[in-house]
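Undergrad: Take this structure, written in structure tokens, and hold onto it; I'll ask about it next.
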Amino acid sequence: MKYIGIDLGTTFSVVAYLDELGAPKIIRNVDDENITPSCVATINGSLQVGQRAKRHAHNVPEEGAKTFKRKMGEQFEYQVGNDVLSPTDLSALVLKEMKLLAESKIGEIQKAVVTIPANFAHEARDATMHAAALAGLDVEFIINEPTAAALYYAYAEQEDLFGTYAVYDLGGGTFDISIIKVHNGDVEVLASNGVSQLGGDDFDKKLQELVKEKFEQETGKDFDPEDFTEFDAEQEKITLSQRKRTTVQIGRSLIDIRREDFEEALSSLVAQTEMLCEAALDDADLEPDDIKAIFLAGGSTRMPLVLESIRRVFGKDPTSTADVDEVVAKGAALYAAFKSDREGLSDVQSRALDKIQVSESTSMCFGTISRTYNENREEYELQNSIIIKKGEKIPVSVTETFYLAADGQKSVHCRVTESRTTEKNPKFVKIVADEHLELPGGAEEGDEIDITYSFTE
Ligand code: ADP
Ligand code: MG
């Protein structure tokens, strides 16, 4: 059986498969690169994905689309040449490209796992599943990116892993921090926090702004963004990960950029990641000292500033045992095989997977709107009652008892709510399902009604 894992990234996507020995391996793309830009463009009338599309989109923006993962699950349309495409359509094109790549290398694929950020809302999760189906992939499971990364580290370091760890994932478009517990090859997510609008792309924009400021200050001329695009900014940003300064040519002017000035410009973004790390530690009820090691994922973790920030929060150096770009895809490939019935696996492959156990936790609270008596105000009011809490081990099933409000009540208004916190005010929660359930006749006030929520894999 052939299993693949796809890291459908905001800026780059990666595909890995499980080889004959049960080891996850990256499948390189047509440009012989491990990672493929998640960009789509119309080139000579046909839709293309990857490096060529990225360049084309850069040169002719109206014919390309990028960072559409940030709009996943939203009503949004991209005009790409003559085509109007949703974030789901665009993601399907990227997934299809990954599938074709994999097929050209290993032949027909039986099962695939696609990864999503831990903080993806319900709709974005569904949209990802839909994109996979459009791409012709048989996707049974999606897995959170940090969990996939942790799984790969768990697999690679099997002998040594034991205790509580953090997975720090900072890519091109999203930031995720997860606190995980590993016990004899078992990976459990204790807490997960993140933001889908923070990553390398934002750093590129900050560098572009910095260059603009310095250029205008030093030359007195107006800055034309075409002279130093976000594309150029990304190259210079990578240079600044290795060197303390770089020189940018704009027209005939040379602008000197020091790493420390760039880092200064990023301070508010970095402060945001630090707050999220601290909140994740709080959620897991842990102190930095309780974390044995910090595993890295995502290309932006190569930045010295990011490493320094991690040291500041956790009080130790992070661990990076594998290429940070690949850990998520490799973990997903392992998970694809791990979740299978194993029948199609060879003995060697099966043994390689034997020691891994994974359980995920919910990244949101789920509840319902109920009429509750407010003791202080001495009146009834509508309140969000949490049924499944954030951080519950998946799969989870919880039953809560509610009571009918009136004699002869004919129906119950059931709303499923989603919230990041245990918010009680119905105004501040998202309604993800809304139904009226008919009741049998003869209901009386105070009759019990059991509501069961199940969160399945
Ligand atoms: P995503 O999963 O969000 O698609 P990746 O994990 O592939 O993203 O990371 C891509 C980001 O990492 C890009 O913004 C890229 O510029 C950045 N990146 C890669 N290498 C470096 C480096 N050496 N220094 C700084 N940023 C880097
Ligand atoms: Mg990523």
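The values are calculated or read from the model by the stated rules, or taken from the named source; none is laboratory data. For clarity, every value in this text was computed on a predicted model and none was experimentally measured. Using ideal geometry, Cβ is built from the backbone for each residue, glycine included, and neighbour counts are taken over all protein chains shown.
Okay, residues lined up against (1) within 15 Å of ligand 2 (Cβ to nearest atom); (2) in contact with a His (Cβ under 8 Å, 6 or more places away or on another chain); (3) within 25 Å of Ala118 (Cβ to Cβ):
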residue	(1), (2), (3)
Ile4	no, no, yes
Thr36	yes, no, yes
Gly64	no, yes, no
Lys69	yes, no, yes
Pro87	no, no, yes
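Yes or no, residue by residue, for (1) surrounded by 18 or more Cβ atoms within 10 Å (Cβ to Cβ); (2) without any contact (Cβ under 8 Å) to a residue 24 or more places away in the chain; (3) small (Gly, Ala, Ser):
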{"site": "Gly331", "(1), (2), (3)": "yes, no, yes"}
{"site": "Tyr335", "(1), (2), (3)": "yes, no, no"}
{"site": "Lys339", "(1), (2), (3)": "no, no, no"}
{"site": "Gln349", "(1), (2), (3)": "yes, no, no"}
{"site": "Asp354", "(1), (2), (3)": "no, yes, no"}
{"site": "Phe366", "(1), (2), (3)": "yes, no, no"}
{"site": "Glu381", "(1), (2), (3)": "no, yes, no"}
{"site": "Asn384", "(1), (2), (3)": "yes, no, no"}
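Undergrad: Sticking with this structure for a sec: Go through Pro304, Pro288 for me and flag whichever is within 16 Å of Ile177 (Cα to Cα) and not aliphatic (A, V, I, L, M).
TA: Matching residue, one of Pro304, Pro288: Pro288.
Undergrad: Now for a separate question. Confirm whether Asp222 is among the charged types (D, E, K, R) and either within 27 Å of Thr36 (Cβ to Cβ) or part of a strand (DSSP E or B) (or both).
TA: Against the criterion (among the charged types (D, E, K, R) and either within 27 Å of Thr36 (Cβ to Cβ) or part of a strand (DSSP E or B) (or both)), Asp222 does not qualify.
Undergrad: Which residues, counting only those in region 294-320, are away from ligand 1 (no atom under 13 Å from the Cβ) and under 18 Å from Glu145 (Cβ atoms)?
TA: Hits for region 294-320 are Ile294, Phe295, Ile310, Pro318, Thr319.
Undergrad: Consider Asp176 carefully, then state whether it is in contact with a strand residue (DSSP E or B) (Cβ under 9 Å, 6 or more places away or on another chain) and either touching a residue at least 60 places away in the same chain (Cβ under 8 Å) or closer than 24 Å to Ile294 by Cβ (or both).
TA: So Asp176 fits the description; yes.
Undergrad: When you scan region 190-199, do you find a residue that is at pLDDT 90 or above and within 15 Å of ligand 1 (Cβ to nearest atom), even just one?
TA: Within region 190-199 (the criterion being at pLDDT 90 or above and within 15 Å of ligand 1 (Cβ to nearest atom)), the answer is yes, since at least one residue qualifies.
Undergrad: Starting from region 5-21, take each residue that is part of a strand (DSSP E or B) and list its partners that are within 16 Å of ligand 1 (Cβ to nearest atom) and among the basic types (Lys, Arg), counting only C-beta distances under 6 angstrom and pairs at least six apart or across chains.
TA: Correct list of pairs: Ala16/Lys330.
Undergrad: Regarding region 228-251, can at least one residue be identified that is in a helix (DSSP H, G or I) and among the hydroxyl-bearing types (Ser, Thr, Tyr)?
TA: Yes, because at least one residue in region 228-251 is in a helix (DSSP H, G or I) and among the hydroxyl-bearing types (Ser, Thr, Tyr).
Undergrad: Of all residues in region 29-79 being within 23 Å of the chain's Cα centre (by Cα), assigned to a helix (DSSP H, G or I) and among the charged types (D, E, K, R), which is surrounded by the fewest Cβ atoms within 10 Å (Cβ to Cβ)?
TA: Filtering region 29-79 for residues that are within 23 Å of the chain's Cα centre (by Cα), assigned to a helix (DSSP H, G or I) and among the charged types (D, E, K, R), the one surrounded by the fewest Cβ atoms within 10 Å (Cβ to Cβ) comes out as Arg70.
Undergrad: Among the numbered criteria (1) closer than 29 Å to Arg243 by Cβ; (2) part of a helix (DSSP H, G or I); (3) over 17 Å from the mean Cα position of the chain (by Cα); (4) not polar (S, T, N, Q), which one does Lys316 miss?
TA: So Lys316 meets the others, but not (2).
Undergrad: Tell me whether region 173-182 contains one or more residues that are assigned to a helix (DSSP H, G or I), away from ligand 2 (no atom under 16 Å from the Cβ) and crowded, with 17+ Cβ neighbours inside 10 Å.
TA: no
Undergrad: In the set Arg245, Arg259, which member is of a type in the set (Lys, Arg), over 30 Å from Ala150 (Cβ atoms) and surrounded by fewer than 18 Cβ atoms within 10 Å (Cβ to Cβ)?
TA: Arg245
Undergrad: Then there's this: In region 257-279, what residues are in contact (Cβ under 8 Å) with a residue 24 or more places away in the chain, over 23 Å from Ile177 (Cα atoms) and not in a helix (DSSP H, G or I)?
TA: Correct list: Ile257 only.
Undergrad: If I ask for residues that are in contact with a strand residue (DSSP E or B) (Cβ under 9 Å, 6 or more places away or on another chain), in contact (Cβ under 8 Å) with a residue 60 or more places away in the chain and within 26 Å of Ala121 (Cα to Cα), which ones from region 53-92 would you list?
TA: Listed by number, the residues that qualify are Lys69, Ser91.
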